[in-house]
Structures are given as C-alpha cells and as structure tokens.
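Single-structure report; data block below.
Any read-out appearing in this document is the output of simple, stated calculations on the displayed coordinates, not a laboratory observation. On a predicted model such as this, the values are computed, not experimentally measured, just so you know. Quick reminder, even Gly has a Cβ in these numbers, built from the backbone with ideal geometry, and neighbours come from all protein chains shown.
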Amino acid sequence: MKSIIPILAITLFFSCQNSAQSNKEQETVINAEPIEVPIQNGKAKAYFASGCFWCVEAIYESVKGVEESISGYSGGHTKNPTYESSNTGRTGHAEAVEIIYDPKIVSFETLVDVYFASQNVTQVNGQGNDRGSQYRSIIFYQNEVQKQIILNKKEALEKELGVKIAAEIYPFQKFWIAEDYHQDYEKLHPNHPYIQNVSVPRLNRFKTEFPKKFLKEESH
C-alpha cells in the first residue's frame, strides 16, 4: 500500500498541473481579440453553440435568410479537434454551428433571438440529456457591435424571466468543421432514434413558438 501512495501523489500532481494549464489556455481564448469574418458574395457568417449540433443545424436552416448551417467545433484551445477529442471535455471546444446567412434578409439580432428561443436557456453545460462542457451554450461575437447586441439581449432576457442565463459569450477565433458524417444529420437520417426523439421535437417546439414571419414556409 505504501508504494502506491507516492505514485498516486505524482499522478495527482501532474493532473492538477494539466488542469491548471488547460484553464490558463481557456482564459486566453475567452480574453482574445475577436476575429471578424468578412462578408463574401453578400453572405455573412455567425457562430453559435447550443447542445448537440445536429439539433442546432436543423433549427437555423428553418430560418429565412439562412443559406446553410455547418456543424463543427469552436471555443476551445486545441487545434484540429475531433468528435472524440471534444467529447473528453479537455479541448475546451463546444459543438457549434457556422451559420451562412444573407444579412439583407435576416439580421444578426434575429439569429441571436433564434438562439435563445431554441434551447433551455438556464441549463449549464448541456441541453437535455446531452451533458458536458462540449454541449455548453456559447454565443460568439466578431466585433463590439455584435457583443453589445448579445449582452443586451441576454440581460433583457434575464430580467424578463428572472433567471440566470447560462450562455457564455466568447470572442470568435476559429471554427473547425466537423467530420462529414455529422453534416445535415437530421436531414439524412430522419429515422435515427435521437433525431426522432430529441432533434425533431426540439425543432418543432422552436417553430411553434417563434414568429412565423422569420421561418421558411416549407422547412421540415
């Protein structure tokens, strides 16, 4: 038993060191200067994390003016995250979506409204049964104007509901596109149990509650 104690102590020491280093790297991400993605061919990009990206991808693609929603990872401190590595919670990344949209049709403000209207805004580190830091809620801003829009809407919602909103607010740094099999997952796998029992009900709840004028008429 005595021989195990020094080994355990060394293991804990390095574990604490790694945790401290990881926290320091994550603080660097949170405090970084935001990177602004230029508008190309009249299309802008926005980035959100709100639980499983299969769900969030489908929600945003139901909104008028959204051309495409891409699943991926953002908000972490490691390069080239994968589904497996992000799921450990050690990369700092959350499952996120890249929204490609026409700002002449839908505003960034409306995309933020979609974000808050399509989730449990009080749940920390997850949505529903999807739990862990990789499922946490994050809104990414690319400039001070976007940051103030997010802060104002979050503050107003907290006052309206009388609760603390769980969404974190990060400066956008980098979006890593997820593996091919994650893209358009709800559309390509409508009979998957998760899609039927979690993703589709979440999408339908959102479409029922959000103003119809912002939704595509034939979105499914």
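Taking amide hydrogens as modeled 1.01 Å from N in the peptide plane, which residues meet the under 5 Å criterion relative to E67, leaving out close sequence neighbours?
I100, Y101, D102
Under the rule a/c < 1.5 gives rounded, and otherwise a/b versus b/c splits prolate from oblate, where does the stretch 121-193 land using the Cα gyration tensor?
On the way: a/c = 2.43, a/b = 1.48, b/c = 1.64.
Cα axes put the stretch 121-193 in the oblate bin.
Under the rule of at least 5 residues apart or a separate chain, name every residue whose amide H is placed under 5 Å from the amide H of S50.
I138
Suppose every K and R has +1 on its Cβ and every D and E has -1 on its Cβ; what is the size of the dipole of the stretch 42-214 about the Cα centre, in Debye to the nearest 20? Walk me through the numbers before you get to the answer.
Numbers: 20 positive and 21 negative charges, 72 e Å.
So the dipole magnitude of the stretch 42-214 works out to roughly 340 debye.
Each residue of the stretch 45-55 in order: what ³J(HN,Hα) in whole Hz does its phi give by Karplus 6.51 cos²θ - 1.76 cosθ + 1.60, θ = phi - 60°, with x for Gly and Pro?
Taking θ as phi minus 60°, the curve returns 10, 9, 9, 9, 10, 7, x, 4, 5, 4, 5 Hz for the stretch 45-55.
Over the chain, what is the relative contact order in whole percent, taking alpha-carbon pairs under 8 Å and six or more residues apart? Present the calculation step by step, with values, prior to reporting the outcome.
Working: 361 pairs, mean separation 59.4, N = 220.
The value is 27 percent.
With a point put 7 Å past each Cα toward its Cβ, work out how far K104 is from N197 in nm, to one decimal.
Simple spin-label model gives 4.5 nm for this pair.
So what J values fall out for the stretch 160-172 if you push phi through Karplus, 6.51 cos²θ - 1.76 cosθ + 1.60 with θ = phi - 60°, rounded to Hz, Gly and Pro as x?
Result, ordered by residue: 5, 8, x, 9, 8, 7, 6, 4, 8, 10, 10, x, 5 Hz.
Determine the alpha carbon to alpha carbon distance for each of K45/K164; K24/K104; K147/K187 and list only those over 30 Å.
Over 30 Å Cα-Cα: K24/K104; K147/K187.
For K213 and K164, what is the calculated FRET efficiency with R₀ set at 25 Å and r taken between the beta-carbons, to the nearest 0.05?
Details: r = 30 Å, r/R0 = 1.21.
After rounding to 0.05, the efficiency reads 0.25.
Taking only Cα atoms and a 10 Å spring cutoff, compute GNM fluctuations for the chain and point out the largest among V112, V29, V145.
The residue with the greatest mean-square fluctuation here is V145.
Just grab the label-to-label distance for K43 and A117, each label 7 Å out from Cα along the Cβ direction, in nm (one decimal).
Placing both labels 7 Å beyond Cα along the Cβ direction yields 2.3 nm.
Across the stretch 52-137, how large is the tail of the calculated P(r) beyond 22 Å, expressed as a percent of all Cα pairs?
Result: 28 percent of Cα pairs exceed 22 Å.
Under a 5 Å amide H to amide H cut-off, with H placed in plane at 1.01 Å, what residues pair with N125 once short-range neighbours are removed?
Those qualifying (amide H under 5 Å, at least 5 residues apart or on another chain) are S137.
Provide the gained length on full extension for the span E179 to N125, in nm with one decimal, where the gain is 0.36 nm per separating residue minus the Cα-Cα distance. List each step's numbers first, then the result.
Values: separation 54, 0.36 × 54 = 19.44 nm, distance 2.23 nm.
Extra length available between E179 and N125 comes to 17.2 nm.
Under a plain spin-label model, where a point goes 7 Å from the Cα along Cα-to-Cβ, how far apart in nm are E27 and K64?
4.7
Using each residue's phi in the stretch 197-208, evaluate 6.51 cos²θ - 1.76 cosθ + 1.60 at θ = phi - 60° and report the 3J(HN,Hα) Karplus result to the nearest Hz, with x for Gly and Pro.
9, 10, 5, 5, x, 5, 5, 5, 4, 4, 5, 6
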